[in-house]
1. Per the Debye formula with a single identical scatterer at each Cα and no solvent contribution, what log10 I(q)/I(0) holds for the range B:45-137 at q = 0.21 Å⁻¹?
2. Kindly identify residues of the range B:507-551 having a loss of at least 20 Å² in accessible area between the isolated chain and the assembly of all protein chains, probe radius 1.4 Å.
3. Let me confirm one metric for peptide B:417-426, namely the mean number of other chain beta-carbon atoms within 10 Å of its residues' beta-carbons.
4. On C-alpha positions alone, give me the angle between the axis of helix B:417-429 and the longest principal axis of chain B, in degrees, nearest 10.
5. When chain A is treated as a GNM, springs tying every alpha-carbon pair under 10 Å, which of A:GLY392, A:GLY187, A:GLY342 comes out with the largest mean-square fluctuation?
6. What aspartates and glutamates does B:LYS545 reach when the alpha-carbon gap must be under 15 Å and sequence neighbours fewer than 8 apart in one chain are set aside?
7. Under a straight-distance cross-link criterion of Cα-Cα below 29 Å, which lysines are reachable from B:LYS442, leaving out those fewer than 8 residues away in the same chain?
8. Not counting ligands, DNA or RNA, and with a 1.4 Å probe, what is B:VAL275's accessible surface area in Å² rounded to the nearest 10?
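The values are calculated or read from the model by the stated rules, or taken from the named source; none is laboratory data. Just so we're clear, the structure is a prediction, and the values are computed from it rather than from any experiment. Positions of Cβ are generated from backbone atoms using ideal geometry, with glycine treated the same way; all protein chains shown enter the neighbour counts. Protein only, heavy atoms only, side chains kept; ligands, DNA and RNA dropped before computing areas. Shrake-Rupley method; radii C 1.70, N 1.55, O 1.52, S 1.80 Å.
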Amino acid sequence: MRKLEKRALICVVLAMVLFVGLFYYVFQLALKGESWATFEGNMLIYNEGQLNRGKIYDRDGLLLVECNENGVIFNEDSNIRKALAHTTGDLYGNISTGILKSNVDKLVGYSFINGIFTIDDKGEDVYLTLDAEACKVAYEALGSHNGTVGVYNYKTGEILCLVNKPASDPVSLSDGEGSYFNTFFQGTVIPGSTFKVVTSIAAIENLDDIDGFSYECSGGDEIKCTYSHGVVNFEEALAKSCNGAFGEITNELGPGIMEEYVAKLGLTDSYMIEGIKTKKGEFVFSENKTELAWSGIGQGMDRINPCSMMMLMGAIANDGESIEPYYISNNNLLNSNADSLGQIIDKKTAARIEAMLKNNVVVTYGEKNYENLDIYAKSGTAEIDGQSVPNGLFTGYIKNENHPYAFFVYVEKGGSGNQSAGVVAKKVLYSLIN
Amino acid sequence: MDIIGMELPYYTYIVRWILMLLAMYILIRNVKSLLTTRVTPEVWAYLNINEEESLPITHWENVIGRSRSVDLRLKYKTVSKNHGLLLRNKDGSWKYEDLSSTNGTKINHSEVKPREYVNLNIGDKLEIGGVMCTLFPISLEEKNNNEAMRGMDKGPISPWRILIAISIFQLLTVIQLIISLGNSFDPMIAVSIFGLMLIMWAYVMGFRMMGSRGFELELIAFFLSTISLAVVSSSAPGMVFKQFIAICLGLMVLIIMCLYLRSLTRSKITRWLLVFGSVGILITNLVFGTLKYGAVNWLEIGGVSFQPSELVKVAFVWIGAVTLDELYKKKNLNLFMLFSGFCLVCLAIMGDFGTASIYFVTYLIISFLRSGDFSKFTLTMGGAVLLAVMVVRFKPYIANRFSAWRHVWEYADSLGYQQTRTMTATANGGLAGLGAGNGMLKNVAAADTDLVFGMVTEEWGIVIAVLMVLCIITFLLFSTMSIVAGRSTFYSIIACGATTILIFQTILNVFGALDLLPLTGVTFPFVSNGGTSMLTSWAMLAFIKATDMRNNASLAIRHRSSGMATYGEEVN
């Protein structure tokens, strides 16, 4: 009998296999339950391929999408539908960043503890931090141009405006190309002169004699300026966006420091925003002086992700601390604090660059053009080979106790950044503040 | 009516948590009781050595020898490692067998022939390799002492509170089903579940009056059967009464088998009957079988269809079990090996590879229990794996059946349809489930059989589903823990064989549905819809009950009212 006792351990081993497998499965459930539950084969939450529960509202309680047993019903205003298409998603599941595609768990109210159980099978109300009206304003302000607009609260991380164009009406199948693509998160654009902010930050922290910097701009040889800026110091170089001066500054910094700074300022990072992975910026800093100069002024091979640039502006406004953006309202009271990504810029540097951004507005963009806005900004005009009209960019932030907003606006073929993107930014900011 | 409509969702909202807590109470209490028992073995006699020490004989079958793994250890160099066997006869007398030891054995100074039984009487002088031993009976006083010791063992828990808990569980389940099934609620659902409640109480009360005290195993089975009825109610309401009848039959099988297994001699002889019966039924199946779900493993007799291969599982374990002296016979495995081979060939012809693998693993485990030959164990297993690889390699159509394995999400609407729905169902349910009848998996083919684990996770929650599996594991641990106090290797092997089948079946069922293994279409014991499977599960329970040596606990062991059982009478 005692022999049998020992041999019976083989049975216990078999039981262990069962136990370990079961444990592994529960672990997998905790890890992947969300995607299992929201699988389109889930007959409880999908009727003929249409989600049957959950509602999406904007920050003011405007109903954007309602899913019920009759299908998915969108807001009546077609411009609101289009302006928010990349956020809400569409009827056919073509927009991968849409809540209807990538955040179904929130609409369904999935949790590990409750599964998809809700008392009335009506799902959950999802509140966005977005202001639908402001999104519509942005969408309309872009007019016939493609582009992207993002505005967020740099103290809390709430995104208030998020628009991508081209956008198609989510209730109909798209006709135009690229309308499913969420450029703001998943795309990159040539930053043009907005990149000089990055070069400036590197210069402030690395060039001891930057205060005594002076450059005589004759309109440029290899690195061209729009006109001859004459003799400029560091501040004036940024305000007038002097390519020659910044080419020189970049070469003084060298490729190593430039590489270090795009990384340090979060431009080569990918962020996870509501389950969407943002695209990393791409920069090439060559040993070749001319090529390096081009990179330092945001041309050449530079590609920037719109969201990361908006976050950089937010960090400057927030004394150097970067706050992670989000757009699905968090009704969990315990976890309502802004998620800080840490101090990415030294406080002193932030103050200095802030003064320069203000100076840009005073000297170049005109404070009158931005009445009632305590605005800090940098424009950009990105030249594209073979494209007659350049792309316009305008990025920065406003200081306002109740409205601490940073923004990034990109207008494809918009021409001058200040005159195209700047105008869009102004309209959206006014809409948000009033 | 509207008011009721408003309140209904709140019923599920609250009751699903109550059901989960009840299930935890029921199962954890039973499992804890089974796993914390420490049985003081019954003493059948004493072996006195050199008039110095007395070893208590606690089994009906004992190995005497020098080795560490024997039952009665004599630490003398002249004694062989496995010297001889001391066996208790049906009438309570003893016999001895020498296992071809080096120095031989003498009884009353005359040499004993190796490998032959010799009667050993009380007081006889047994010289084992020159060591003088004497068999002493157990005096009435000692016997009473032992009984008192055994009386102090942690006994089985009282069944009443658990019975009440299961009854509440059943009542709440019926109400939940009325709410969630609405118009498709079949009154037979209530009849079946309340019927189960009735026979459960009748069984426990009846056998309690007759002196049985341990009901943990049956209570777990009653609970699992309740889940089974609820699952069938949800996915195939028309079949629920049939399932209830299967449970009733299963309970009858349990009672009959428990009483039958009380006699070791009877149980041993029955093996031959079972060999012939099994061979007959399997051949009949091959000739007259009908094709269902891709395997010819169904037989229809008089309008009742059943799966012979399920029933033969019971015989298979029974046939595999042997007493200790049979273990020491040369080539003791040959017959069992032959029989196993026959079963496997039959199953292969039927195309039922899931069941074939269960038979094979059970064969492996039982033959290892019998031989202790680990190298043979690994060799056979390795050979089988090689064979499987070859089959898959040279028969691509079989490989195709497994092509979705571990990639089911890539084949979500074809080969991985069932598994992906099962995982989704599990996620739907959360900890406490959506409520019986509220799931979506019930609409998928084989939801209440092959995918039943998924159905339970969805409608009852992952907690109850995990507890179900832990119960099956408990059956096995209880069987292995009981070997210490076991009477005969026959009972221990039969229990370990039965629980091996239950465990391996659970592995195939659960892991198959969840894509940890290929889906083979095997049932979950006690829970899956299916009469034959239910019957077999209850029969396996009888095997486990046959090892339950707790004092007056098991129906499968005759109760000994203290002092009254007389020496010399078979304990049957």
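1. -0.99
2. At a threshold of 20 Å² (probe 1.4 Å), the residues of the range B:507-551 that become less exposed are B:ILE507, B:PHE511, B:LEU514, B:LEU516.
3. 5
4. Around 90 degrees separate the two axes.
5. Among A:GLY392, A:GLY187, A:GLY342, the largest mean-square fluctuation in the Gaussian network model of chain A belongs to A:GLY342.
6. B:GLU216, B:GLU218
7. Cα-Cα hits under 29 Å: A:LYS32, A:LYS55, A:LYS101, A:LYS106, A:LYS122, B:LYS242, B:LYS292, B:LYS313.
8. Here the accessible area works out near 20 Å².
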